[in-house]
1. Could you tell me how far the Cα centroid of the range 56-82 sits from the Cα centroid of the range 1-39, in Å?
2. I'd like the orientation of helix 258-276 relative to the chain: the angle between its Cα long axis and the longest Cα principal axis, in ° from 0 to 90, rounded to 10.
3. Counting only DSSP beta bridges with both residues in the chain, tell me the antiparallel percent, nearest 5.
4. Which value, in debye to the nearest 20, describes the size of the charge dipole of the chain about its Cα centre when Lys and Arg Cβ atoms bear +1, Asp and Glu Cβ atoms bear -1, and nothing else is charged?
5. Looking at the range 211-311, which trypsin sites (Lys or Arg not before Pro) are DSSP coil and have at most 10 other C-beta atoms within 10 Å of their C-beta?
6. Quickly estimate the mean residue ellipticity at 222 nm for the chain, helices only: each DSSP H run with n ≥ 4 gives -39500 (n - 2.57), and the total goes over all residues, rounded to 500.
7. Give me the percent of the accessible area of the range 140-252 that comes from carbon and sulfur atoms, probe 1.4 Å, all protein chains in place.
8. I'd like the GluC sites (Glu not before Pro) in the range 119-187 restricted to DSSP loop residues with at most 15 other Cβ atoms within 10 Å, sorted by number.
Amino acid sequence: MKRIAVLTSGGDAPGMNAAIRAVVRKGIYDGLEVYGINYGYAGMVAGDFRRLTIDDVGDTISRGGTILYSARYPEFAKREGQLKGIEQLKKFGIDGLIVIGGDGSYRGGAALTKLGFPTVGIPGTIDNDIPGTDYTLGFDTAINTVLESVDKIRDTATSHIRTFVVEVMGRNAGDIALWTGIGSGAESIVIPEKEFTMEEVVAEIQEGRARGKKHTIIMLAEGVMSGNEFAEKLSKFDEFHTRVTVLGHVQRGGSPSAKDRVLGSIFGYNAVKMLEEGKGGICVGVKGDEVVFNDIIDTLENQKHLPLLSLYQINKEISF
Ligand code: F6P
């Protein structure tokens with residue numbers, strides 16, 4: 001293995017730069033040449049490659065976003081796109097690839113692996129929805145960003161005795177809503193992985209109000225429905241002085257937390273080691289304090305991510 005490449009794809013996530021930096025530094029430390037591919041798989045197919053030096057990744061560990069830029073590129077799901085990508089990788093003399101991203105990025109990595117190109121995946125998405133790892137890069141920063149906002153929302157909710165529906169990201173996963181729900185003391189957490197009824201949510205609001213609570217926070221995962229739709233349903237029961245806050249893309253930005261910087265460094269370092277050991281078709285992750293290595297195809301095809309659902313019950317029993 002002489003020359004490796006790294007790309008970021010899908011939604012950006014804080015900590016991606018820490019992972020890129022680790023790939024570049026570990027690669028160069030071991031005598032490899034490291035290339036960056038701009039704009040994910042779209043850039044791969046277009047041949048947008050550049051050699052990265054130690055200095056290119058200086059001063060990046062604390063920066064949000066991704067210095068390699070990112071893109072969603074559904075065309076890479078087709079064999080034609082994958083073969084074009086491999087052609088470019090070969091043209092630039094690349095022997096192994098590291099892909100940092102979420103579900104779609106892993107699918108691209110698995111496809112390249114099936115076509116025989118050594119590829120290692122690093123889980124990078126704020127959604128925390130990748131199987132085979134407890135945490136993905138960006139999740140920790142995102143939940144801290146959400147908490148900062150919800151603390152502020154609570155101030156104004158209390159002043160006006162209002163109910164706030166806070167819609168958070170996560171695509172089809174409830175991790176962000178779950179962790180920030182418990183972390184902000186939300187009266188209700190509504191996530192795709194748990195069935196709920198509006199009657200239940202209404203009862204939670206009413207119980208709090210009966211005990212003199214001046215605010216209600218409902219943490220809603222976007223995978224269930226939109227905040228406005230939820231508020232509309234709530235309005236059928238009572239006015240509740242409901243307001244909706246959609247936190248949106250603010251959740252994807254910002255300087256990575258300590259945890260995401262460390263995770264990014266560990267993931268990047270180990271991904272390079274995997275390629276050096278000739279182990280393509282792997283994705284790295286963490287389980288507890290251990291770094292783990294899973295087969296990327298098996299992870300995608302046979303494993304399922306589930307959020308830490310014990311948090312749901314804990315919240316029910318402590319945030320009423
Ligand atoms: O996957 C990350 C994510 O931020 C999801 O939480 C969200 O549903 C989606 O990306 C938004 O995508 P886009 O930035 O393309 O609108």
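1. Computed from Cα coordinates, the inter-centre distance equals 10 Å.
2. 30 degrees
3. Working: 10 of 43 bridges.
Within the chain, antiparallel bridges account for around 25 percent of the total.
4. Numbers: 36 positive and 42 negative charges, 150 e Å.
Dipole magnitude for the chain comes out near 720 debye.
5. Working: sites: ARG211, LYS213, LYS214, LYS233, LYS236, ARG243, ARG252, LYS259, ARG261, LYS273, LYS279, LYS287, LYS304; in loops: ARG211, LYS213, LYS214, LYS236, LYS279, LYS304.
In loop regions of the range 211-311 (DSSP not H, G, I, E or B), the sparsely surrounded trypsin sites (Lys or Arg not before Pro) are ARG211, LYS236, LYS304.
6. On the way: 11 runs with 135 residues, N = 320.
After summing the helix terms and dividing by the residues of the chain, the value is -13000 deg cm²/dmol.
7. Numbers: 2410 of 5020 Å².
So the carbon and sulfur contribution to the accessible surface is 48 percent.
8. Values: sites: GLU148, GLU167, GLU187; in loops: GLU187.
Sites meeting the loop and neighbour criteria: none at all.
The values are calculated or read from the model by the stated rules, or taken from the named source; none is laboratory data. Predicted, not measured: the structure shown is a model, and the values here were computed from it. With ideal geometry, Cβ positions are generated from the backbone for all residues, glycine too; neighbour counts draw on all protein chains shown. The accessibility values were calculated without ligands, DNA or RNA, using every heavy atom of the protein model including side chains. Shrake-Rupley method; radii C 1.70, N 1.55, O 1.52, S 1.80 Å.
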